[in-house]
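Visitor: Sharing a structure, written as C-alpha cells. Questions coming.
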Amino acid sequence: MPQVKIYGLRENIKPKRFALSYAIQAALTEAIGTPETKRFQRFMILEPENFIFPSDRY
C-alpha cells in the first residue's frame with residue numbers, strides 16, 4: 001500500500017485537499033491498481049512564517 005505525503009502552505013493546500021486526494025487516488029488506481037479502500041495520504045499543512053523564500057514566490 002503506497003503512502004503519499006503532500007506538503008504545502010495552508011492557504012494553498014487546505015481548500016484543495018479533498019480534490020487533491022481524489023486526483024492522487026485516481027492516479028494510483030489507474031497506474032498501479034491501488035484500491036480505494038487502501039487510500040493512505042498525509043497532508044502536511046505548513047505556515048508561511050516557517051519559510052524563508054523570495055518575495056516573488058509567495
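Visitor: Could you compute how much accessible surface residue 7 exposes when probed at 1.4 Å, giving the result in Å² to the nearest 10?
Guide: 140 Å²
Visitor: Follow-up. Quote to one decimal, in nm, the extra length available between residue 4 and residue 57 on full extension: 0.36 nm per residue of separation minus the C-alpha distance between them. Don't skip to the end; give the middle numbers.
Guide: Details: separation 53, 0.36 × 53 = 19.08 nm, distance 2.47 nm.
Between residue 4 and residue 57, full extension yields 16.6 nm more.
Visitor: At 1.4 Å probe size, with the rest of the protein present, what percent of the exposed accessible area of the chain is carbon and sulfur atoms?
Guide: Working: 2670 of 4690 Å².
Using a 1.4 Å probe with all protein chains present, the chain comes out at 57 percent carbon and sulfur.
Visitor: Need one number for the chain: average projected area of the convex hull over its C-alpha atoms, nm². Display every interim value, and only then the final one.
Guide: On the way: hull surface 18.8 nm².
If you wrap the Cα atoms of the chain in a convex hull and average its projections, you get 4.7 nm².
Visitor: How many Å² of accessible area per residue for the chain, probe 1.4 Å?
Guide: Working: 4690 Å² over 58 residues.
Roughly 81 Å² per residue, with all protein chains present.
The values are calculated or read from the model by the stated rules, or taken from the named source; none is laboratory data. Everything numeric here is computed off the predicted structure, so don't read it as measured data. These area figures cover heavy atoms from the full protein model, side chains too; ligands, DNA and RNA do not enter into them. Shrake-Rupley method; radii C 1.70, N 1.55, O 1.52, S 1.80 Å.
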